[in-house]
Every structure is written in C-alpha cells, then in structure tokens.
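Accompanying notes for the structure given below.
Any read-out appearing in this document is the output of simple, stated calculations on the displayed coordinates, not a laboratory observation. These numbers were taken from a predicted model, which means no experiment stands behind them. Reconstructed Cβ throughout: ideal geometry from the backbone, glycine too, with neighbour counts over all protein chains shown.
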Amino acid sequence: QSALTQPASVSGSPGQSITISCSGTSSDVGGYKFVSWYQQHPGKAPKIIIYEVSKRPSGVSNRFSGSKSDNTASLTISGLQAEDEADYYCMSYTTASTWVFGGGTKVTVL
Amino acid sequence: QVTLRESGPALVKSTQTLTLTCTFSGFSLSTSRMCVSWIRQPPGRALEWLALIDWEDDKYYSTSLRTRLTISKDTSKNQVVLTMTEMDPVDTATYYCARMNGGLTGVFDYWGQGALVTVSS
C-alpha cells in the first residue's frame, strides 16, 4: 500500500487560508468516506482534527474544514494562526482492510 | 479519562525481535467497536500504520510488514503487545499506540506519547 500523496510544505500569512491536498486511489481515498486528518506539533503525538472527510471532533476549531473529490481529499485552514504551524497528515481506510497515511505536509505561518 | 502508554526497550540490535507493550486505561478492548493500533514514525519522516487488533480479537497488518509483525491483547490487563522480528536500523522510529473508536472505520482519537526505539547495526 503506497502512502497517500501530500505536498511537502505549504505556507501562508496570518489570517490567510491554505489548502492541503491528499491524493490516493479508488482503493483508499476514492473508495470510502473514511478519510481523516491529523495535526502534529514537534515532539508531540498526532491529534485528530477531521474525520469522515469533513467532520470535526468536539473542541477542534471550525477554522479547519475537509472535503473530498474523487481520489483527492483536502484540508483547508482558514484564518491561519501561528499555533497552526505544524505537520499535517491525511489517513484513509483501504479496500485491503488496512490504513494508509499521507507523506505529511509541513505548514509554515509566515 | 482515556490514556495509553507505550513501553519497551529503547535500544535493540539488528536481527533481534522487538516487543512493545501498550498499557491503556479509560476503556476496555472487550467493548464493541474498540480497537488499538500501532503506528510508527522514523525521525523526521511520516507516520506509518503497522497493525490493529479489534474487540473481537481480529488482527490486521500492514501489507509490507505482515510477515514480521504480531499483535495480541490481554483484555484483563488492558494491554496490547506488538512484536516485530528481524529488526533493522531502518526500523528506528518512535512507535505509537492509538485507540480507534468506532470499529474499523473509526478514527485514532487517543494516542500514547510514543516510544523511541533505536536499532543498532
């Protein structure tokens, strides 16, 4: 199972919106609504921020939103803040009953 | 309050077998739709899913690593154990255990702090 494809880095100024893409195949992203996104700050464990493509867990800012079209999922962070600087990973369930992560995207707040 | 904690050796030698234990609290692996998984992250690199065990004791493994991995649970001790054989320096990573709530299509909603394992040649 190959890793999902994410851009290595995305940057934006405070207040701006950025979007991170996550490309897979019909065997993972395109085949299910079970795409999730995780935020990871340096030295910390990942934290769930989006599940089932677009749902936010309780306590997660509504500045985070998710969507999906065909084999590509996207995470949008609006009103970018300094605290959003972190690594972001997408994850999908697969037809092989396994889970696959993306390669990760480093978000920099300029 | 849900917590998970990984424990095991910080250093193993090449070709040895790694055994990691995830001790958790705040939930039971005998509860329907509860699962515990292992995920690793080499230094400076991406997350990689390794294995998962569910409430019915069904086990799922990474396609690329399945021949080297074994996952098991001790429900009475609230523990999940992962063994990985034939360790190699490329297996150097932080190993996380995480809870998946909601069955196989749930999310990893709670994670341990991670355990760094270094493999020497």
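Of all DSSP bridge pairs formed entirely within the protein assembly as shown, close to 90 percent run antiparallel. Backbone amide hydrogens, once placed in the peptide plane, bring B:Gly114 within less than 5 Å of B:Glu6, B:Cys97, excluding anything fewer than 5 places away on its chain.
The chymotrypsin sites (Phe, Trp or Tyr not before Pro) found in the range A:1-98 include none that occupy coil by DSSP while having at most 13 further C-beta atoms within 10 Å. Using a simple spin-label model with pseudo-atoms 7 Å out from Cα toward Cβ, B:Leu104 and B:Ser32 lie 1.7 nm apart. Label-to-label distance for B:Val90 and A:Thr5 is 2.2 nm, based on points extended 7 Å past Cα in the beta-carbon direction. With both labels modelled 7 Å from their Cα along Cα-to-Cβ, the A:Asn62 to B:Thr70 distance reads 5.1 nm.
A Cβ-based charge dipole, computed about the Cα centre of the protein assembly as shown with Lys and Arg at +1 and Asp and Glu at -1, lands at about 200 debye.
Considering only Cα atoms, the convex hull volume of the range B:25-121 works out to 105 Å³ per residue. If the cut-off is 17 Å between C-alpha atoms, which aspartates and glutamates fall inside it for B:Lys77, apart from same-chain ones fewer than 8 positions away? Output for B:Lys77: B:Glu6, B:Asp54, B:Glu56, B:Asp57.
Derived scalar couplings between HN and Hα for the range B:81-97 equal 10, 10, 10, 10, 8, 6, 4, 9, x, 5, 8, 4, 5, 8, 9, 10, 10 Hz in order, rounded to whole Hz, by the Karplus curve 6.51 cos²θ - 1.76 cosθ + 1.60 (θ = phi - 60°), x for Gly and Pro. In plain terms, the chain from B:Arg45 to B:Ser121 could stretch by 25.3 nm, reckoned as 0.36 nm per residue minus the Cα-Cα distance. Taking 25 °C and 0.890 mPa s as the conditions, I'd like the Stokes-Einstein D for the range A:3-86 in µm²/s, using the Kirkwood hydrodynamic radius from alpha carbon pairs. Roughly 185 µm²/s, to the nearest whole number. Residues whose amide H falls under 5 Å from that of B:Val36, counting only those 5 or more places apart or on a different chain, are B:Ile53, B:Met100, with hydrogens built in the peptide plane.
Across chain B, the longest run free of exposed loop sites, meaning trypsin sites (Lys or Arg not before Pro) lying outside DSSP classes H, G, I, E and B with no more than 16 other Cβ atoms within 10 Å, spans B:67-121.
Looking at chain A, how many pairs of lysines come closer than 15 Å at the Cα, when each pair is eight or more places apart or spans two chains?
Working: A:Lys33/A:Lys55; A:Lys33/A:Lys68; A:Lys44/A:Lys106; A:Lys47/A:Lys55; A:Lys47/A:Lys106; A:Lys55/A:Lys68.
For chain A, the number of qualifying lysine pairs is 6.
Between the range B:39-84 and the range A:23-97, the C-alpha centres lie 22 angstrom from each other.
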